[in-house]
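The values are calculated or read from the model by the stated rules, or taken from the named source; none is laboratory data. None of the values given here were measured: they were computed from a predicted structure. Neighbour counts are summed over all protein chains in view; Cβ atoms, including those assigned to glycine, are modelled from backbone coordinates with ideal geometry.
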Amino acid sequence: MIIDVTTEKMVVISDLHLGNPFSEAKKSLIEFLYWAAENKYDVCINGDGLEIAQVSFRKMAEDVPEVFRAVKAITKAGNRVFYVVGNHDIVLENFLEDWGPLTLAPFLNVKCGKQRIRIEHGHLYDPFFVKRPDLYEFLTWLGGFALMVSPRIYKAWIKFEELKSRLRRRFRGSSEVPCLPGEHPDFVIAAEEICSRGFDAIIFGHTHHPGTIDLPQGRYFNSGSWMISPTYIGITNQDVVLSQFEADKGL
């Protein structure tokens, strides 16, 4: 099982949810993967690439073959594709080894130039997932039916999370840990602890809220979700940057 990786440049994406009835990530994802192959990037899919918890098998059957052809284009170009397991595809923990063109891992420790970057999906720092895993799993499954009724429910939930975090900051004031809009402070607390072990940056997914926060000893990034917009993290030996993919422009 590979967890330590050295790269010249890498792009990190997460939360594609291929197979989810609401996910429209396939078209832009395929363009992104071919762009990564052409530009010689290693790629890390940081969890929940496949939607197994809220799956439409018909939609997954439509989405996955084309995506895998694009993944193979990256490996044929001499670069690597890593897949970090998330919570919606947690069953893949049973296959923590090479899986066709993908190398599966629970997390990655990435070295790029002088930088050390930790990549994890982030669900293990979600207090709801950790404290009430059975209820979390049930509500995730139930949410799949809600999405089939109306995708607007998902967008409303994202807005609700952002409102909740703003209210929490307003009422707690300066005592509140700085966090991304929509995220629980526990994610930043976890990122600070990981960076204190000698990492320059920590990259999570899971929350679907893209952004970056400067920490006392590093930086925290969230790569967001392609169910909302095609955001990604670009890693080079100069920097780590949150960007949005445009097919005709790239990084």
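A few points about this structure:
- Count - residues of the range 233-251 that are surrounded by fewer than 24 Cβ atoms within 10 Å (Cβ to Cβ) and in contact (Cβ under 8 Å) with a residue 60 or more places away in the chain: 9
- Matching residues, the range 212-235, being out of contact with any Asp or Glu (no Cβ under 8 Å at 6 or more places or on another chain), small (G, A, S) and modelled with pLDDT of 95 or more: G234
- Hits in the range 108-165 (condition: surrounded by 12 or more Cβ atoms within 10 Å (Cβ to Cβ), modelled with pLDDT under 65 and of a type in the set (G, A, S)): G143, G144, A146
- Of all residues in the range 166-198, those being at pLDDT 90 or above, surrounded by fewer than 18 Cβ atoms within 10 Å (Cβ to Cβ) and not acidic (D, E) number 5.
- Scan the range 200-229 for residues that are part of a loop (DSSP other than H, G, I, E, B) and surrounded by 21 or more Cβ atoms within 10 Å (Cβ to Cβ) and the total you get is 11.
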